[in-house]
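Taking it in order: structure first as structure tokens, then the write-up.
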Amino acid sequence: MSKKTIDLWVGVFVALGLGALFFLALKVGNLLNFKEQKNGYEVMARFDNIGNLKPRAPIKSAGVVVGRVESIKLDPQTYEAVVRLHLEKNFQFSRDTIAAIFTSGLLGEQFVGLEAGGDSQMLKDEEWIKKTQSAIQIEKLISQFMFSKAQETPATTAAPSGAGVKP
Amino acid sequence: MNFLAKIADWFRSIGTATRNGITRLGFATRFFWAIVRASGPTFMRPRLLIREIYHAGVLSLVIVLMSGLFIGMVLALQGYETLVRFGATEAMGVLVALSLVRELGPVVAGLLFASRAGSAMTAEIGLMKTTEQLAAMDVMAIDPVARVVAPRFWAGVISLPLLAAIFSMLGIYGGFLVGVKLIGIDGGAFWGQMQVAVDWRNDVMNGVIKSVVFAFAVSLIAVFEGYDATPTAEGVSAATTRTVVTSALAILALDFVLTVFMFRGGVN
């Protein structure tokens, strides 16, 4: 094995190792925000509550992935979440499209669902989606259910036993 | 009387074993300082170091690449089995990345390195001692620790962290292949949730620190066992076995200690 070959292989090995460290830092650890090549357009939407939505979550229309969530910020004036949606350019949506946050499965990840409306004007880059529907929070659902149950229990237990119930 | 003498013998054997263990530990520590003191020539003449990195690192590359890929793919398959019950298959990226970067990358790469490169180092140095090459160097006024031991030690210390990083990267790619390409999890969720969950300092850096600690431990054990080998064919074979066994135990024990200090009480 000549010196040159050994040098070459050691160089490849060290470069590969450092490359792997960079990969772990950037792509996995997200040290810097990785921007992918843009090929499409971006629209914004306001939500009262985004639940567990995360950047890079999918955007689906009729179950088909049409884009990705670009970023999520809080509007300090209105205390609403401002979500930037990156949509692929071959999917056009009308201006009265409804954006809603859904959950896939019971505890699965959340995604943005788009339901197209009937407007003939299409959404353009940097425009706002006006109609939105927030994420359903499972805690709220449970507490609503518990309260409604708690309210109806006295009535149901009181009815069969009649006047025999003591306070 | 005979009975008492037997008991005394038994206690004496325990005492001898303990004293020998402590002696070897002290010898290993002093050997480490000798290596550090004699490592000037290693860095003054990088050719020695590069040759050893080639033997320890580059030649271990194939086994590390293959095992990383397969472990990542198996993690993804097994993780899917569990996650699908909770309908949380999108968290597979998090599962694969965290288990590889925090634990499996440094530990499995360390174990592979100990058995692939550490055993070779021990056998080489032990055979040099058996054939009296080290003694001959000493006669020619060449310090065998500086010429033979230190380059191998530092090559191991440099190679293992790089191998561990490559292992983790390939493992995550293997998880991506199985999870996204084969099973059909959403690719954006795989990477996106991984990037939200994996912290640069807490997860990635701690994994790197682990692999550096393992690198020091494995390399020291390998060169020490070789240098300390009984100069016979049998002695070299016993030393090689001890290298693999001791390195594996050291890696797993150190891993526990480091994990306790690094990740106690969750992420923060």
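The values are calculated or read from the model by the stated rules, or taken from the named source; none is laboratory data. These figures come from a predicted structure and were not determined experimentally. No Cβ is skipped: glycine too gets one built from the backbone with ideal geometry, and neighbour counts run over all protein chains shown. The protein model used for the area step is the full one, side chains on, heavy atoms only, and it has no ligands, DNA or RNA in it. Shrake-Rupley method; radii C 1.70, N 1.55, O 1.52, S 1.80 Å.
The set of residues from region B:76-92 being surrounded by 19 or more Cβ atoms within 10 Å (Cβ to Cβ), touching a helix residue (DSSP H, G or I) at 6+ places or on another chain (Cβ under 8 Å) and of a type in the set (A, V, I, L, M, F, W, C) comprises B:ALA76, B:LEU83, B:ALA91, B:MET92.
Table: residues versus (1) loosely packed, with under 13 Cβ neighbours inside 10 Å; (2) over 30 Å from B:PRO144 (Cα atoms).
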site: B:ILE14; (1), (2): yes, yes
site: B:GLY26; (1), (2): yes, no
site: B:VAL64; (1), (2): no, yes
site: B:LEU69; (1), (2): no, yes
site: B:VAL74; (1), (2): no, yes
site: B:VAL94; (1), (2): no, yes
site: B:SER99; (1), (2): no, yes
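From the list B:GLY188, B:GLY207, the lone residue that is without any contact (Cβ under 8 Å) to a residue 24 or more places away in the chain, assigned to a helix (DSSP H, G or I) and either within 11 Å of chain A (Cβ to nearest Cβ) or polar (S, T, N, Q) (or both) is B:GLY188. Within region B:153-177, restricting attention to residues that are hydrophobic (A, V, I, L, M, F, W, C) and open to solvent by 10 Å² or more (accessible area, probe 1.4 Å), the residue that is farthest from B:VAL96 (Cα to Cα) is B:TRP154. Among the residues of region B:26-38, none qualifies, meaning not one is within 14 Å of chain A (Cβ to nearest Cβ) and at pLDDT below 90. Across region A:102-149, the qualifying residues are those that are β-branched (Val, Ile, Thr) and farther than 23 Å from B:ALA91 by Cα, and the one among them that is least open to solvent (accessible area, probe 1.4 Å) is A:ILE129. Scan region B:191-201 residue by residue and report those that are within 9 Å of chain A (Cβ to nearest Cβ) and either part of a helix (DSSP H, G or I) or within 21 Å of B:LEU69 (Cα to Cα) (or both). Within region B:191-201, B:TRP191, B:GLY192, B:GLN193, B:MET194, B:GLN195, B:VAL196, B:VAL198, B:TRP200, B:ARG201 meet the criteria. Residues that are small (Gly, Ala, Ser) and either more than 14 Å from every other protein chain (Cβ to nearest Cβ) or open to solvent by 40 Å² or more (accessible area, probe 1.4 Å) (or both) within region B:210-239 comprise B:ALA217, B:SER219, B:ALA222, B:GLY226, B:ALA229, B:ALA233, B:GLY235, B:SER237, B:ALA238, B:ALA239, listed in sequence order. Residues that are open to solvent by 30 Å² or more (accessible area, probe 1.4 Å) and of a type in the set (Gly, Ala, Ser) were ranked within region A:42-70; the one that is modelled with the highest pLDDT is A:ALA62. Residues of region A:71-85 include none that is open to solvent by 30 Å² or more (accessible area, probe 1.4 Å) and at pLDDT below 85. Scanning region A:103-132 for residues that are free of Cβ contacts under 8 Å to residues at least 40 places away in the same chain and assigned to a strand (DSSP E or B) yields a count of 2. Out of curiosity, is B:ALA215 small (Gly, Ala, Ser), part of a helix (DSSP H, G or I) and touching a Leu at 6+ places or on another chain (Cβ under 6 Å)? Here the answer is yes, as B:ALA215 does meet what is asked.
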